[in-house]
1. Counting Lys and Arg as +1 and Asp and Glu as -1, each charge on the Cβ, what is the dipole of the chain about the Cα centre in debye, to the nearest 20?
2. Would you please give the residues with an amide H less than 5 Å from that of R118, counting only those at least 5 places away or on a separate chain, with H modeled from the backbone geometry?
3. Between region 58-99 and region 151-188, what's the alpha-carbon centroid distance in Å?
4. Which GluC sites (Glu not before Pro) in region 134-173 sit in a loop by DSSP (not H, G, I, E or B) and have at most 15 other Cβ atoms within 10 Å of their own Cβ?
5. Which chymotrypsin sites (Phe, Trp or Tyr not before Pro) does region 21-75 hold that lie in a coil by DSSP with at most 14 other beta carbons within 10 Å?
6. In a GNM of the chain with a 10 Å cut-off on Cα contacts, which of A85, A128, A43 has the highest mean-square fluctuation?
7. Can you check what the net charge comes to around V148, using other residues whose Cβ is under 14 Å from the Cβ of V148 (Lys, Arg +1; Asp, Glu -1)?
8. Would you mind giving the average projected area, over all directions, of the Cα convex hull of the chain in nm² with one decimal?
Amino acid sequence: MKELQALLFDVDGTLADTERDGHRVAFNLAFKDAGLDWDWSVALYGKLLEVTGGKERIRFYLDHFNTDFERPDDLDGFIAGLHKAKTDHYTHLLGEGKIPLRPGVERLLAEAREKGFRLAIATTTTPANVHALLTNTLGADSESWFEVIAAGDIVPAKKPAPDIYTYAMNEMKLTPEQCIAFEDSENGIKSSCGAGLKTIITVNDYTHDHDFSEAVLVLDNMGEPEQPFTVLAGEAGGASCLDIELVTRLFTQTS
Ligand code: XBP
Ligand code: MG
C-alpha cells in the first residue's frame, strides 16, 4: 500500500478567499493608477477567472471584453507594468489583515506538521502574494513550513496544465502516489489530477458550479469541530471537519 507523505496546497480560493475582495480589488486599483477606466465587477471577474495568472487574465480581458481598447506598441510591457502595480496593491491589502484563512486551514496545517507530513504550495499566483498571505495570517516563519513554494511564472504553463504540481513533486522527490492535493477550482483540479494527484476540493462562491467529478471529496470548506463542513460530493464517513485521519482515509481508500 502506498503511504501518504505530503500535502500540496493551492493558494487562491483554497487557503483564503482572495479573489473577489483581494485580487479583483487590486486589479481595479492598478487600473485607476494608470488612468484607465476599466472596472472589473464581481460578475465580470467570475468570467475572467476562466484564465489563471494575472498577466494572462488582463490579456484575456482585452481579447474578449475590451476589444476596442487602443493597445500600446509594447503590450507585454504595458501588461507587466499594470500587473506589478496590482501585486503592490494586493500585498498591501493583505498587510491590512482583511483577508483571513478559510475555516479549517490553520488547524489542518498544524495537525499535518505535528504528525510529520511534508507540505508544499502549488499555485498560479505571484510568489510575493504567497509570502504576503502566509506571513500575514500564519506568522513570520510560516513560509518555512512549506518545503517547496511553487508559484507564478516558475513554470511557463500555468494551471490547468499539470506542470506546477509536477514541479513541486519533482523538487520534493515524491511521486503522485505519495501526495494529495487541495484545490478549489476546475482549472485547479485539472492541474492536480493531470499530475496524477488525488484531490480534495473546498468550493467557494466563484467555483461551486465547477466540474469536480474527479475529486475524492467535495466540501463547502474544511470545517472546524464547532463549525462542521457540508459534504457536496463523496463520502466523509460522518466526520465533521477535514483532519489528517480523514485525509489519510480518502487517500488510502482511493489508492
Ligand atoms: C489563482 C490565480 C491567480 C490570481 C492572480 O491561482 O489564478 O492568477 O488570481 O494572481 P491559484 P497573479 O488558485 O493557483 O493560487 O496576479 O499574481 O498572477
Ligand atoms: Mg485556486
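The values are calculated or read from the model by the stated rules, or taken from the named source; none is laboratory data. Because the structure is a prediction, the values reported are computed rather than measured. Cβ coordinates were reconstructed from backbone atoms using ideal geometry, including for glycine residues, and neighbour counts include every protein chain displayed. For the accessible areas, the whole protein counts, side chains as well, though only heavy atoms, and no ligand, DNA or RNA atoms are used. Shrake-Rupley method; radii C 1.70, N 1.55, O 1.52, S 1.80 Å.
1. It works out to roughly 380 debye.
2. Distant-sequence amide H within range of R118: A6, L7.
3. Between the Cα centre of region 58-99 and that of region 151-188, the gap is 25 Å.
4. Within region 134-173, the qualifying GluC sites (Glu not before Pro) (loop, at most 15 other Cβ atoms within 10 Å) are E147.
5. Counting only loop positions with at most 14 other Cβ atoms within 10 Å, the chymotrypsin sites (Phe, Trp or Tyr not before Pro) in region 21-75 are F65, F69.
6. Fluctuation is largest for A43.
7. Local net charge: -3.
8. That works out to 13.4 nm², a quarter of the Cα hull's surface.
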